[in-house]
1. Taking the Cα centre of the range 36-150 as the origin and placing charges on Cβ (Lys, Arg +1; Asp, Glu -1), which of ASN64, PRO129, ASN139 is farthest toward the positive end of the dipole?
2. What is the set of long-range amide H partners of VAL66 at a cut-off below 5 Å, with H atoms built 1.01 Å from backbone N?
3. Can you tell me the Rg and the Dmax, both Å, for the Cα atoms in the chain?
4. Got a sec to turn the phi values of the range 106-122 into Karplus ³J(HN,Hα) couplings, 6.51 cos²θ - 1.76 cosθ + 1.60 with θ = phi - 60°, whole Hz, x for Gly and Pro?
5. Which longest run of the chain has no exposed loop site in it, a site being GluC sites (Glu not before Pro) in a DSSP loop with at most 15 other beta carbons within 10 Å, and the site itself not part of the run?
6. Name the long-range amide H neighbours of VAL22: under 5 Å, sequence gap of 5 or more, or other chain; modelled H, no Pro or chain starts.
7. Can you list the residues, at least 5 places off or on another chain, whose amide H is less than 5 Å from the amide H of ILE97, using H built in the peptide plane?
8. Starting from the Cα-Cα distance between GLN43 and VAL22, subtract it from 0.36 nm times their residue separation and give me the gain in nm to one decimal.
Amino acid sequence: MLTWKDVINFSVNGNPTPDRRVEKTEDEWKAQLTPEQFRITRQKGTERAHSGALCSIYDEGKYNCVCCTTALFDSTIKFSSGTGWPSFTQPIKENAIKYQRDTSYGMVRVEVMCNTCDAHLGHIFPDGPEPSGLRYCINSESMILDKEMA
Ligand SMILES: [Zn+2]
């Protein structure tokens, strides 16, 4: 199980190697995604709180990256944080997510990205539920819920 210490270690010393890489040009992403998906995942945008379609959904399934379809989270690690964004306590797999120090807007935060295609997903905070204590705060627009649990 990942803890905040692991997250900081990844963001400072480098992330785990992904199973595969997907790289596309900005124009290719633009053609594939909706304008809102593009703004959030490729330009590090944030959707308005409580606006996301996946915010209050707890159906069983996997949450896949909207850009490259890699599985990022699943419904067993989703929890209701009350923040207005889908929240998770762990990644589906240790190397699914990439962590990067983010000092934008005068804050020191840890940005969460898809480790396969570098899509911006959201941020992670050390105030989640036990036992991991992690809260992945993720934009709905960056994920697709795949209801078939493989
Ligand atoms: Zn991706």
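Bear in mind that the values in this text are calculations on the coordinates, not laboratory data. Small disclaimer: the values here were computed from a predicted structure and weren't measured. Ideal geometry is used to build each Cβ from the backbone, glycine not excepted, and the neighbour counts take in all protein chains shown.
1. ASN139
2. It is MET143, ILE144, by chain and number.
3. 14.2, 42
4. So the Karplus estimates, Gly and Pro as x, are x, 10, 9, 10, 10, 7, 10, 10, 5, 6, 8, 10, 6, 5, 6, 10, x Hz.
5. Numbers: sites that count: GLU23, GLU60, GLU148.
It runs 61-147.
6. Distant-sequence amide H within range of VAL22: CYS117.
7. ASN115
8. On the way: separation 21, 0.36 × 21 = 7.56 nm, distance 1.69 nm.
Extra length from GLN43 to VAL22 when fully extended: 5.9 nm.
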